[in-house]
Amino acid sequence: MKKIIRHRQPNRSFGGDIGVYIILIIAGAFMILPLLLVVSNAFKPMDELMKFPQEFIVHHPTLKNFADLFGFLGQSWVPFSRYLFNTLFITVAATVGQLIIGSMGGYVLAKYDFPGSKKIFSLIVTALMFNGYVISIPVYLIVVKLNWVDTYLAPIIPFFASTLGIFLMKQFMEGIPDSLLEAAKIDGAKEWGIFTKIVMPNVKPAWLTCIIMSVQALWGNPQSTYLYSEELKTLPYALSQVAAGGIARRGAAAAVQLVMMIVPIGVFIFSQSNILETMANSGIKD
Amino acid sequence: MGNTLALYFRKKKRDRQIAWKKMKMYKSCYLFIAPFLLCFLVFMILPIAISLVLSFTYYNILEPPRFIGLTNYVNLLLADDVFITAAKNTFVFAGIIGPVGYLLSFVFAWLINELPRYLRAIAVVVFYAPAISGAAFNVWSIILASDSNGFLNSIMIAIGQEPQLWLSNPKYMTMFVIIVSLWMSLGTGFLAFVAGLQGIDRSQYEAAYVDGIKNRFQELWYITLPNMKPMLVFGAITAIAGAFNVSDIPEALCGNPSTDYAVHTVVTHLKDYGSVRFEMGYASAIATILFLAMILCNKLVMAILNRVGRKKKRQTILLRAENRKGEKR
């Protein structure tokens, strides 16, 4: 007992620690139970999904819901692989583009004090608030004017304007020591060489974080505002069509929820330490 | 007089030349940031400007916009009862979800930081999962459903209470929209707090222990919070964005329009006029007002956060001075 007490951090009481655990367990249960219900529903056979009263735990888990889901997707006249390709293509293209544009901008904002850099950065910080619907109508009008409706460009290019990527990149790149860049300059490296050979390899955690943030934003987005041809539509759109089929498709709908949820959470679990390392630099000093 | 003016203009010209030289010196910087700036201008700044201009017109996409002055704003503020309801609801949602979500993010990040390392990693996933699970919040419409599928109603029946129409009775709708929003509110800001707390120098806590800090609350107030200020600013910005953009959750849970417009928000109103009625001018006026509200809120929060930081700094200094006095005695 004495040993435990000696190893404890200063300023921590036993009662307080127990309180911390109790609060976290209760709150954690509130956070996770609805998500566990999504998981359990996805494996419930039809009779358990319709049961009254509803039960949380699945008694006879089955994969039939997933089989049904792929069956329905197989019936549509645009093959399932096409929806998957569309989503992957849009997600990858928009993510890579945003990553390159954001890290180029973030690099000069972090390392050079050029005229206007402060103004640009404060604009970026203000724009962090405006994700969403405030500008959705004019953006749509601009996309129409550019004749991008019903092409892959419509969901991809406007995404490059989102500011979280460049913001996190800039904050993270401020941690690269200036001496490293100066040494490279003395050795005769050009600006572009410094950027690709020294800066980029040093900010891998920030890349991963930006990739994950944009994958989260893009993966679940049906993009139905801009894409009208069936062969351009995305996986979330196709899945939501399956899920909207009423009572007969309740099983498949439950499977859809699990499929859509598991990708971002899984990606986060695998990259948590990198994300936290990046977010440690996200603070805004005055 | 003429002489001074000439001097003034000559100085102006010189300043401009210096600025131009400086900009030329940083030519490669501008090249680096140009792709982002171009996208940012076209898809962020230009839309805001267009929205502002369209808000003074009648525009239904088919006909060219027709200038009607302040009519949209007059109608919006004086004649549109639904907008007033929506504004009130948004005010309530933003006023509760913003600050409470912000506080919860910080409190849970702080509590999680007390855990041992591996438990902490699990706890971060558990608390962050709802925010990234996308449309998984739809599961709440099963939990709260008013037909035989509803979980909450099964519980109500089991304990001998009357089942309720949770999602169509205005008495309960606001409450559940707030609960589900808070459930999802531990997002990017929460991650920033977790990361920031891990980054605080341990030796500061040890020094504070020696200086006579007695418990975890004093640690929080005198060391953790002042150290966390940059994260707190970032978290506030994401919290404002979350608080004003409430629209998906009420729509998914209660439908659009909801009973008596009980959970109708400004953004739902905007979507209604923008993508259902195609009254783009009117919708732009709504967007402009929302935009102004966000900026105002941002300024307010930053002013408050600035003051909090300063006050704390003073207190830390006072504390140190007191400790020194104690030592002398």
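Given charges of +1 on the Cβ of Lys and Arg and -1 on the Cβ of Asp and Glu, with all other atoms neutral, how large is the dipole of the protein assembly as shown about its Cα centre, in debye to the nearest 20?
Numbers: 55 positive and 34 negative charges, 686 e Å.
The calculation lands at about 3300 debye.
Stokes-Einstein D for region B:189-292 at 25 °C, 0.890 mPa s, Kirkwood Rh over Cα pairs, in µm²/s?
On the way: Rh = 17.2 Å.
Approximately 143 µm²/s, per Stokes-Einstein.
Step through the residues of region B:254-259 one at a time and calculate ³J(HN,Hα) from phi using the Karplus curve (6.51 cos²θ - 1.76 cosθ + 1.60, θ = phi - 60°), rounding each to whole Hz and writing x for Gly and Pro.
Once θ is set to phi - 60°, the couplings for region B:254-259 become 10, x, 10, x, 8, 3 Hz.
With every protein chain left in place and a probe of 1.4 Å, what is the accessible surface of B:Ile18, to the nearest 10 Å²?
Surface open to solvent at B:Ile18 totals about 90 Å².
In the full protein assembly as shown, how much of B:Asp147 is accessible to a 1.4 Å probe, in Å² to the nearest 10?
80
Which listed residue (A:Pro53, A:Val39, A:Tyr21) has the Cα farthest towards the positive end of the charge dipole for region A:2-62, taking +1 on Lys and Arg C-beta and -1 on Asp and Glu C-beta about the Cα centre?
A:Tyr21
Report ³J(HN,Hα) in whole Hz for each residue of region A:146-157, in order, from the Karplus equation J = 6.51 cos²θ - 1.76 cosθ + 1.60 where θ = phi - 60°; Gly and Pro get x.
Result, ordered by residue: 7, 6, 9, 4, 6, 10, 5, 4, 4, x, 8, 5 Hz.
State the three equivalent ellipsoid semi-axes of region A:221-286, derived from the C-alpha gyration tensor as the square roots of 5 times its eigenvalues, in descending order and whole Å. Don't jump to the answer; show the numbers that get you there.
On the way: eigenvalues 226, 63, 19 Å².
They are 34, 18, 10 Å, listed from largest to smallest.
Between the alpha-carbon centers of region B:63-78 and region B:133-148, tell me the distance in whole angstrom.
Between the Cα centres of region B:63-78 and region B:133-148 lies a distance of 39 Å.
Using only the alpha-carbon atoms, what does region B:1-137 span along each of its principal axes? Please give whole angstrom values in decreasing order.
73, 52, 36
Find the Rg to Rh ratio for region A:135-235, where Rh is the Kirkwood radius over alpha-carbon pairs and Rg uses the same atoms.
On the way: Rg = 18.5 Å, Rh = 16.3 Å.
With Rh from the inverse mean 1/r over Cα pairs, Rg/Rh is 1.13.
Most fluctuating residue of A:Asn202, A:Asn11, A:Asn41 in a GNM of chain A with Cα springs under 10 Å: which is it?
Maximum among the listed residues: A:Asn11.
Give the share of C-alpha pairs in each 10 angstrom bin for region A:2-62, from 0 to the last occupied bin, in whole percents, shortest bins first.
Percent of pairs per bin, in order: 19, 29, 19, 15, 14, 4.
Whose amide H sits under 5 Å from the amide H of B:Thr57, counting only residues 5 or more places off or on another chain, with H placed in the peptide plane?
Placed amide hydrogens put B:Ile68 under 5 Å from B:Thr57.
Give, in whole angstrom and from largest to smallest, the semi-axes √(5λ) of the equivalent ellipsoid of the protein assembly as shown, with λ running over the eigenvalues of the Cα gyration tensor. Don't skip to the answer; put the middle values down first.
On the way: eigenvalues 323, 261, 139 Å².
Working through the eigenvalues yields semi-axes of 40, 36, 26 Å.
Just to be sure I follow: if Rg is taken over the C-alpha atoms of region B:82-328 and Rh is the Kirkwood radius over the same atoms, what is Rg/Rh? Each step should come with its number before you reach the end.
Details: Rg = 22.1 Å, Rh = 20.6 Å.
Result for region B:82-328 is an Rg/Rh of 1.07.
Counting just the Cα atoms, what span does region A:49-161 cover along each of its three principal axes? Round to the nearest Å and put the largest first.
If we take the Cα atoms of region A:49-161, the spans are 66, 36, 27 Å.
B:Val263's amide H: which non-local residues (gap 5+, or another chain) put their own amide H closer than 5 Å, with H modeled 1.01 Å from N in plane and none for Pro or chain starts?
B:Ser258
Let me know the Kirkwood hydrodynamic radius for region B:136-178, please, with Cα pairs as the basis and the value in Å to one decimal.
Numbers: mean 1/r = 0.0952 Å⁻¹.
About 10.5 Å, per the Kirkwood formula over Cα pairs.
I need to check one value: relative contact order of region B:82-328, counting alpha carbon pairs closer than 8 Å and at least 6 residues apart, in percent. Before the final figure, lay out each step's value.
Details: 244 pairs, mean separation 66.9, N = 247.
Relative contact order of region B:82-328: 27 percent.
Could you calculate the FRET efficiency of B:Lys21 with A:Leu146 from 1/(1 + (r/R0)^6), where r is the beta carbon distance between them and R0 is 56 Å, rounded to 0.05? Walk me through the numbers before you get to the answer.
On the way: r = 36 Å, r/R0 = 0.65.
Computed FRET efficiency for B:Lys21 and A:Leu146 comes out at 0.95.
For chain A, what is Rg from Cα atoms divided by 2.2 N^0.38 Å, rounded to two decimals? Present the calculation step by step, with values, prior to reporting the outcome.
Working: Rg = 24.2 Å, N = 286, 2.2 N^0.38 = 18.9 Å.
Relative to the rule-of-thumb radius for its length, chain A sits at 1.28.
Where does the longest stretch of chain A lie that holds no chymotrypsin sites (Phe, Trp or Tyr not before Pro) found in a DSSP loop with 11 or fewer other Cβ atoms within 10 Å? Please report the intermediate quantities before stating the final value.
On the way: sites that count: A:Phe56, A:Trp77, A:Tyr228.
Result, exposed sites excluded: A:78-227.
Under 20 Å Cα-Cα from A:Lys285, which aspartates and glutamates qualify once same-chain neighbours fewer than 8 residues away are excluded?
Counting by Cα, and skipping residues close in sequence, A:Lys285 has these aspartates and glutamates nearby: A:Asp113, A:Glu174, A:Asp178, A:Glu277, B:Asp201.
Can you compute 3J(HN,Hα) from phi for each residue in region B:79-96, using the Karplus curve 6.51 cos²θ - 1.76 cosθ + 1.60 with θ = phi - 60°, rounded to whole Hz and x for Gly and Pro?
Coupling constants for region B:79-96: 10, 9, 4, 5, 5, 4, 4, 4, 5, 4, 4, 4, 4, 5, 4, 4, x, 9 Hz.
How much mean residue ellipticity at 222 nm does chain B get from its helices, if each DSSP H run of length 4 or more adds -39500 (n - 2.57) and you divide by all residues, to the nearest 500 deg cm²/dmol?
Details: 16 runs with 229 residues, N = 329.
It comes out at -22500 deg cm²/dmol, rounded to the nearest 500.
Give the total of Lys-Lys pairs in region A:69-279 with Cα-Cα distances below 20 Å; include a pair only if its members are 8 or more places apart or on different chains.
Here the count comes out as 11.
The values are calculated or read from the model by the stated rules, or taken from the named source; none is laboratory data. Treat the numbers as computed from the prediction; the structure is a model and nothing was measured. Reconstructed Cβ throughout: ideal geometry from the backbone, glycine too, with neighbour counts over all protein chains shown. When the accessible area is computed, the model is the full protein with side chains, heavy atoms only, and any ligands, DNA or RNA have been set aside. Shrake-Rupley method; radii C 1.70, N 1.55, O 1.52, S 1.80 Å.
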